[in-house]
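Undergrad: Right, I'll just put the structure down here and ask away after.
The values are calculated or read from the model by the stated rules, or taken from the named source; none is laboratory data. Please read these numbers as outputs of a predicted model, since none were measured by experiment. A quick note on method: Cβ atoms are made from the backbone with ideal geometry, for glycine too, and the neighbour counts reach across all protein chains shown. Only protein heavy atoms, including side chains, enter the accessible area calculation; ligands, DNA and RNA are left aside. Shrake-Rupley method; radii C 1.70, N 1.55, O 1.52, S 1.80 Å.
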Amino acid sequence: MLHLLLPPSLKGLIGAEKVASKAAEAQPTTADVWIWAMIVLAAFLAIAVISALLVNYRPGGADKSVRRIWFWILAVLTPITSFLVNYFTKIQGFETTFKKIGPAKIQQAVETLTMQNVYSTIAVLILFIAIGWILSVMFKRSKLGTWF
């Protein structure tokens with residue numbers, strides 16, 4: 001209601017502040033990149049566990065090689081998927097949404113998000129292999145024990 005009582009010159013300033021605050025709230029942060037990377041990691045680890053449990057035992061140890069191959073295929077796909085999800089949802093969306101902020105600020109923010117995306121991709125690969133190894137050691141006598 002207060003905005004109805006203000007002169008038109010101040011109404012424009014208040015509107016600009018609202019737009020700027022909404023833009024600042026909608027900007028992706030580096031935490032968003034890491035959160036999505038960990039969500040992708042958890043999803044692919046769940047897929048790896050489920051796929052290992054779905055492979056039936058076969059004579060001659062052929063089932064072990066199938067489980068191992070699927071684990072390493074998912075180990076390669078996890079960082080690729082994490083990078084692409086973050087790239088297309090965070091970085092590309094940021095560039096197209098906030099063209100009005102200014103090219104210098106956009107370039108700086110995109111560089112920061114891109115570097116965090118690269119770091120999170122490397123971390124996802126390392127964590128996938130490390131958690132897979134830990135699960136393989138913990139469940140040595142089960143189907144998960146055949147990953148390594």
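Undergrad: Restricting to region 131-143, count the residues that are surrounded by 14 or more Cβ atoms within 10 Å (Cβ to Cβ) and among the hydrophobic types (A, V, I, L, M, F, W, C).
TA: 3
Undergrad: Now a separate question. Restricting to region 107-130, name every residue that is open to solvent by less than 60 Å² (accessible area, probe 1.4 Å) and at pLDDT 85 or above.
TA: 113, 114, 116, 117, 118, 120, 121, 123, 124, 128, 129, 130
Undergrad: Continuing with the same structure: With the condition kept exactly as written, say whether any residue in region 58-68 is acidic (Asp, Glu) and over 17 Å from residue 148 (Cα atoms).
TA: No, region 58-68 contains no residue that is acidic (Asp, Glu) and over 17 Å from residue 148 (Cα atoms).
Undergrad: For region 28-42, check the following and say yes or no: at least one residue is of a type in the set (D, E, K, R), open to solvent by less than 90 Å² (accessible area, probe 1.4 Å) and either modelled with pLDDT under 95 or touching a Gly at 6+ places or on another chain (Cβ under 8 Å) (or both).
TA: Scanning region 28-42, I find at least one residue that is of a type in the set (D, E, K, R), open to solvent by less than 90 Å² (accessible area, probe 1.4 Å) and either modelled with pLDDT under 95 or touching a Gly at 6+ places or on another chain (Cβ under 8 Å) (or both), so the answer is yes.
Undergrad: If I filter region 98-106 for residues that are open to solvent by 80 Å² or more (accessible area, probe 1.4 Å) and at pLDDT 80 or above, do I get at least one hit?
TA: No: region 98-106 contains no residue that is open to solvent by 80 Å² or more (accessible area, probe 1.4 Å) and at pLDDT 80 or above.
Undergrad: Let me spell it out: the conditions are (1) surrounded by 18 or more Cβ atoms within 10 Å (Cβ to Cβ); (2) modelled with pLDDT of 95 or more; (3) out of contact with any Phe, Trp or Tyr (no Cβ under 7 Å at 6 or more places or on another chain), and residue 91 meets all of them except one. Which number is the exception?
TA: (2) is the only condition that residue 91 fails.
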